[in-house]
Structure formats: C-alpha cells, structure tokens
Amino acid sequence: VYYGTHIIHWLHSVNEVAELYKKAKKSALIEGRSQMACNADLFMLDARVFNADNIISYVKDVNLAIESAKKASYQKGVKILEGVYKQAGKCLLGKTMAPNSFDDGVFREADYIKENESDEKILAYFYSYKLLTLCIHGYFSEAYEVIKKLDLYESQFGGSILIATNNFLSSFTMLQLCDQQPENQEKYLEIVAENQNVMKLWVEGCRENY
C-alpha cells in the first residue's frame with residue numbers, strides 16, 4: 001500500500017487515492033515505521049497541491065503532519081515539514097517577509113539551505129515548493145533559476161507527483177518568460193516542448209491527471 005501511494009498517480013486520478021494515503025499511513029504506524037508514516041503525509045500534501053486545494057485547510061493538515069512526525073520522533077520529517085511545507089503555506093498566506101521569500105521572524109532560507117546542503121532530498125523538496133510559490137506570486141525570473149537547481153535533484157523524487165507539478169510549473173514559467181524576454185523565446189519554447197513530450201507519456205497512463 002505504501003509504495004502504491006508513490007506511483008498510483010501515474011495510473012489513477014489523484015481524486016481517487018485519498019483513502020489509499022490514509023491506509024498507507026495507518027499500516028506504517030501499525031508496523032512502527034515512522035518514516036513511512038511521515039512520507040505518507042508528504043504524499044498526501046503533495047497531491048493536494050497538485051489539485052490546488054484550499055490553502056487554509058492545507059496549512060492545518062501541514063501542522064497535523066508536523067505533530068505526527070514529532071510524536072514519531074522522525075526528525076528529518078519534522079525538518080522537511082517545518083522548513084518547506086509550513087513556510088510555503090505561510091508564504092502563500094502572505095505571512096512571510098516578502099512574496100518571493102520564506103523568511104519570517106524566525107526562519108531564514110539561507111540558513112536552512114546551508115544547514116541541509118548535504119541532504120539532496122531536503123533540497124529537492126525545498127526548491128519544489130519554492131518554485132510553486134514563486135510562480136503563484138509571479139516571480140518568473142527567480143523561478144527560472146530555481147528550475148535550474150531542481151535539475152540537480154531530479155533523482156530524489158522517485159515516482160513522486162512533485163515530478164509532474166514541477167514539469168507543469170517549468171512550462172508555465174517558460175511561457176511567461178517568452179512574453180517578458182522575447183529575445184530568449186526560442187530557448188524557452190524548447191524547454192516547453194521537452195516538458196510536453198514527457199507529459200504526453202503520462203497522459204497515456206492517466207489522462208485525467210495530465
């Protein structure tokens with residue numbers, strides 16, 4: 001069940017798999033696998049972002065996931081949830097110092113990146129959600145720089161739905177930059193075409209998602 005949650009979006013609508021995520025977490029907790037239980041929470045939150053769910057409800061679920069990870073003493077999960085998911089939620093709610101920053105009165109992006117510079121998985125999650133917030137707030141030049149960083153961590157995603165989210169946001173960024181920087185349009189459209197070729201393969205598995 002656990003591993004099924006990681007790949008099921010390639011074959012079934014994300015709207016159909018909520019119960020499977022819950023079962024994955026429940027079975028992981030029964031077996032004493034705190035890391036798997038936390039990852040089930042991450043998968044659920046990633047799927048909700050993919051579906052553009054209500055941000056208020058999303059933030060509440062992030063806080064519940066943090067408490068669950070703390071209770072299970074899974075420190076890496078806490079670090080990802082607090083430094084990535086929670087800060088992204090605060091950014092989208094306008095509760096950070098600027099729309100293009102996760103910084104607030106306590107958290108500092110630069111410190112978080114430096115602290116976790118040897119952990120590619122944490123950086124992969126961080127830059128994925130950074131890309132999301134930059135696109136939503138319209139900072140496409142900064143988003144382009146984040147996309148280049150994400151290319152370094154592609155292997156960390158496995159079958160995660162974040163791969164699909166990042167693909168879409170990459171194309172969205174490039175199309176916006178075509179308008180802002182017409183002199184580089186050919187380069188940006190090549191990236192869009194590459195992304196769409198990958199998306200076409202996913203459509204064969206689940207048209208409803210892709």
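The values are calculated or read from the model by the stated rules, or taken from the named source; none is laboratory data. No experiment lies behind these values; they were computed from the predicted model shown. Every residue, glycine as well, gets a Cβ built from its backbone with ideal geometry; the counts of neighbours run over all protein chains shown. Only protein heavy atoms, including side chains, enter the accessible area calculation; ligands, DNA and RNA are left aside. Shrake-Rupley method; radii C 1.70, N 1.55, O 1.52, S 1.80 Å.
Here the calculated FRET efficiency for Leu64 and Glu183, from their Cβ-Cβ distance with R0 = 41 Å, stands at 0.30, rounded to the nearest 0.05.
The packing ranking, built from the mean of other Cβ atoms within 10 Å per residue, places the peptides 76-87, 172-183, 132-143 in the order 76-87, 132-143, 172-183, highest first. Taking every DSSP helix (H) stretch of at least 4 residues in the chain, weighting each as -39,500 (n - 2.57) and dividing the sum by the residue count yields a mean residue ellipticity at 222 nm of -21000 deg cm²/dmol.
Which of the residue pairs Lys90/Lys200; Lys22/Lys86; Lys23/Lys121; Lys60/Lys121; Lys121/Lys149 have a Cα-Cα distance greater than 22 Å in the structure shown?
Numbers: Lys90/Lys200 34 Å; Lys22/Lys86 20 Å; Lys23/Lys121 24 Å; Lys60/Lys121 24 Å; Lys121/Lys149 13 Å.
Exceeds cut-off: Lys90/Lys200; Lys23/Lys121; Lys60/Lys121.
Derived scalar couplings between HN and Hα for segment 62-73 equal 4, 5, 5, 5, 4, 4, 5, 5, 5, 4, 8, 6 Hz in order, rounded to whole Hz, by the Karplus curve 6.51 cos²θ - 1.76 cosθ + 1.60 (θ = phi - 60°), x for Gly and Pro.
Within 10 Å, count the other beta carbons around each residue, average over each peptide in 44-56, 106-118, and list them highest first.
Working: 44-56: 16.4, 106-118: 12.8.
Those peptides, ordered most packed to least, come out 44-56, 106-118.
Here's the picture: a label point sits 7 Å out from the Cα of Glu190 along the beta-carbon direction, and within segment 161-178 the residues with their amide nitrogen under 19 Å of it are 170-178. Please state the shape class of the chain: rounded when a/c is under 1.5, otherwise prolate if a/b exceeds b/c and oblate if not, all from the C-alpha gyration tensor. Oblate, because a/c is 1.5 or more while a/b does not exceed b/c.
Relative to the current alpha-carbon distance between Asp104 and Ile30, full extension at 0.36 nm per residue lengthens the span by 22.9 nm. In order along segment 195-204, phi translates into HN-Hα couplings of 4, 5, 4, 5, 4, 4, 5, 5, 4, 4 Hz, rounded to whole numbers, per the Karplus curve 6.51 cos²θ - 1.76 cosθ + 1.60 with θ = phi - 60° and x for Gly and Pro. For Ile113 and Ser155, the FRET efficiency from 1/(1 + (r/R0)^6), where r spans their Cβ atoms and R0 equals 25 Å, is about 0.85.
Counting protein heavy atoms only, segment 28-102 has 52 percent of its accessible area on carbon and sulfur, 1.4 angstrom probe.
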